[in-house]
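The values are calculated or read from the model by the stated rules, or taken from the named source; none is laboratory data. Nothing here was measured: the structure is a model prediction, and the numbers come from that model. Note: ideal-geometry Cβ built from the backbone for every residue, glycine included; neighbour counts use all protein chains shown.
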Amino acid sequence: MAQRKSTSSRPSAKAGTSKTRSGRGSTTPTARPESKRPSNAQRPAPPRKPGKSIVNQKQRPWGLITAAVLVVVFAAVVVTYAVTRTSKQTNPYKQPALADATKISGVTYRVEPNHNHVQGAIKYDASPPVGGNHSQYWVDCTGTVYPNAIANENAVHGLEHGAVWIAYRPGLPKADVDALAKYVSGQDRMFMSPYPGLKSNISLQSWGYQLFLDSPTDPRIQQFINALRYNPKTTPEYGADCSQPTFKAHPSTFGNPLWAPAT
Amino acid sequence: MGPSDITAVADTEAPAEPEQTPARRRPLTVILVCVLAVAALVIAGTTGWLIGSSSSAPATVTESSVDAGFARDMSTHHTQAIEMANYARDYSSDPSIKILARDIETQQYFQLGEMQGWLDVWNLSRSSSEPVMGWMNGHEQLTSDGLMPGMATPAEVNKLETLTGKALDIYFLQLMLRHHQGGLPMAQYAAAHATQPYVRLLASKMVEAQSREIIQMEQLLREHGASPLPAPPTTH
């Protein structure tokens with residue numbers, strides 16, 4: 001295209017230098033050769049330029065502009081992808097929240113940087129807690145259904161070992177409690193207990209993750225368990241044992257953490 | 001069609017803006033071409049770098065990789081921790097020591113299984129002719145006994161396994177603390193340099209868990225009125 005125009009334009013421009021004003025607009029490409037000889041025709045030169053430029057304004061290289069914009073956008077996308085990818089790769093200590101968990105409606109995630117063993121009562125940043133310092137003595141979380149509320153400090157150590165904790169409001173109808181127990185009984189890395197002052201009927205906890213809901217038939221319960229049981233990406237002590245037979249036989253009570261087996 | 005429209009526009013508007021836009025076409029074109037060229041370079045560079053960095057996480061893990069070296073040497077390191085914890089869990093009479101021992105033992109057993117699984121999947125054997133700790137590229141050295149940093153000598157393990165009561169608790173804490181102190185830089189190095197993301201992840205978990213257990217064991221030693229053994233030398 002461009003080649004044809006320029007070749008065809010040259011003869012006309014050369015042939016009629018005097019015609020330039022009238023011929024100028026009719027065939028746009030004539031502009032180029034003409035502009036190269038302002039010295040030959042000094043007077044025609046100045047008025048030529050505006051005419052030519054306006055023609056060019058109307059003929060902005062839209063193809064080129066579009067290509068440039070697209071390529072720049074594409075470059076930005078590629079660079080962004082590279083940056084996010086490497087930032088993910090280079091920091092193994094900062095795992096992003098699990099998409100499988102956070103995509104479940106209502107699930108919250110908070111980073112829990114503390115996990116020291118601390119004796120006595122501990123103040124937590126969530127109720128029920130989803131992580132933090134805890135007792136050295138972990139809750140038995142081998143599919144254990146506790147009939148009474150247990151201490152946060154022992155429960156959190158179970159979360160650290162990758163357990164999912166189902167808490168429910170005291171006084172929940174027995175049929176609902178039994179329905180919840182079906183998610184827990186016989187399932188390693190699961191435990192369940194009533195929780196005084198719970199703001200909903202039911203809450204689910206895994207290290208860093210929490211979900212409040214009201215119905216034991218809510219499908220999000222199983223989704224939460226599927227995504228977070230064992231919690232391999234987030235918990236700092238994934239894989240440590242959940243069995244604690246002495247705790248199962250003699251559990252702690254709410255507000256009274258056990259530091260070692262009760263005798 | 002087109003040319004006639006342009007003519008009309010050119011004829012009517014030409015006098016209106018006489019000097020505003022001299023020779024605009026060329027700068028615009030030049031700028032656009034430059035933008036295209038730069039963007040193309042950026043894309044080429046980034047893509048090339050992405051390909052390069054993704055090929056640094058290859059599907060196959062080689063015999064001499066950080067991943068394989070870490071999996072093998074940390075397995076050996078873990079196995080000794082499990083043995084010592086196993087003994088303390090069974091023979092200590094201090095509930096805190098027994099709980100700590102089980103926490104360490106079961107956690108490291110699980111990690112050991114994970115590392116053995118990797119070696120299987122990588123089609124690599126448990127033993128290798130690669131030099132022990134060679135994967136750390138000089139960042140940590142073997143002890144004068146030829147052991148990995150923090151490892152107890154066979155004599156020390158044998159001694160532990162004759163003890164009971166408070167003597168057992170203190171010696172267990174001392175050996176396990178030094179064991180963690182030696183293992184920590186191995187896990188840190190793997191967390192930073194392993195090619196596979198899951199290897200870096202597990203190594204980072206070991207760093208997190210063991211650095212907390214170090215704090216706990218130091219505290220328990222103080223409570224038992226004892227001091228730590230000299231820490232393994234660090235080359236960092």
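Values as computed for the structure displayed
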{"quantity": "Test: B:Ala209 is touching a residue at least 12 places away in the same chain (Cβ under 8 Å), in a helix (DSSP H, G or I) and surrounded by 22 or more Cβ atoms within 10 Å (Cβ to Cβ)", "calculated": "yes"}
{"quantity": "Residues of the range B:202-236 that turn out to be of a type outside the set (A, V, I, L, M) and closer than 16 Å to B:Ile97 by Cβ, as a count", "calculated": "9"}
{"quantity": "A:Ser193 being at pLDDT 95 or above, out of contact with any Gly (no Cβ under 7 Å at 6 or more places or on another chain) and surrounded by 15 or more Cβ atoms within 10 Å (Cβ to Cβ)", "calculated": "yes"}
{"quantity": "Scope the range B:100-140; condition among the acidic types (Asp, Glu), assigned to a helix (DSSP H, G or I) and more than 14 Å from chain A (Cβ to nearest Cβ); matching residues", "calculated": "B:Asp120"}
{"quantity": "Selection count, the range B:87-99, where residues are within 12 Å of chain A (Cβ to nearest Cβ) and without any contact (Cβ under 8 Å) to a residue 60 or more places away in the chain", "calculated": "4"}
{"quantity": "Selected residue (criterion: farthest from B:Gln107 (Cα to Cα)) from residues of the range A:217-252 that are of a type in the set (Phe, Trp, Tyr), more than 8 Å from every other protein chain (Cβ to nearest Cβ) and touching a helix residue (DSSP H, G or I) at 6+ places or on another chain (Cβ under 9 Å)", "calculated": "A:Phe224"}
{"quantity": "Residue within the range B:44-53 that is more than 30 Å from B:Met136 (Cβ to Cβ) and aliphatic (A, V, I, L, M) present", "calculated": "yes"}
{"quantity": "Qualifying residue in the range B:100-119 (condition: surrounded by 16 or more Cβ atoms within 10 Å (Cβ to Cβ), out of contact with any Pro (no Cβ under 6 Å at 6 or more places or on another chain) and free of Cβ contacts under 8 Å to residues at least 12 places away in the same chain)", "calculated": "yes"}
{"quantity": "Qualifying residue in the range B:148-170 (condition: within 14 Å of chain A (Cβ to nearest Cβ), on the phi < 0 side of the Ramachandran plot, crowded, with 20+ Cβ neighbours inside 10 Å and in contact (Cβ under 8 Å) with a residue 40 or more places away in the chain)", "calculated": "yes"}
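So that you can scan it fast, the table gives a plain yes or no per residue for (1) surrounded by 14 or more Cβ atoms within 10 Å (Cβ to Cβ); (2) part of a helix (DSSP H, G or I); (3) within 7 Å of chain B (Cβ to nearest Cβ); (4) of a type in the set (S, T, N, Q):
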residue: A:Gly63; (1), (2), (3), (4): no, yes, no, no
residue: A:Ala67; (1), (2), (3), (4): yes, yes, yes, no
residue: A:Leu70; (1), (2), (3), (4): no, yes, no, no
residue: A:Val73; (1), (2), (3), (4): no, yes, no, no
residue: A:Ala76; (1), (2), (3), (4): no, yes, no, no
residue: A:Tyr81; (1), (2), (3), (4): no, yes, no, no
residue: A:Lys94; (1), (2), (3), (4): no, no, no, no
residue: A:Asp100; (1), (2), (3), (4): yes, yes, no, no
residue: A:Ile104; (1), (2), (3), (4): yes, no, no, no
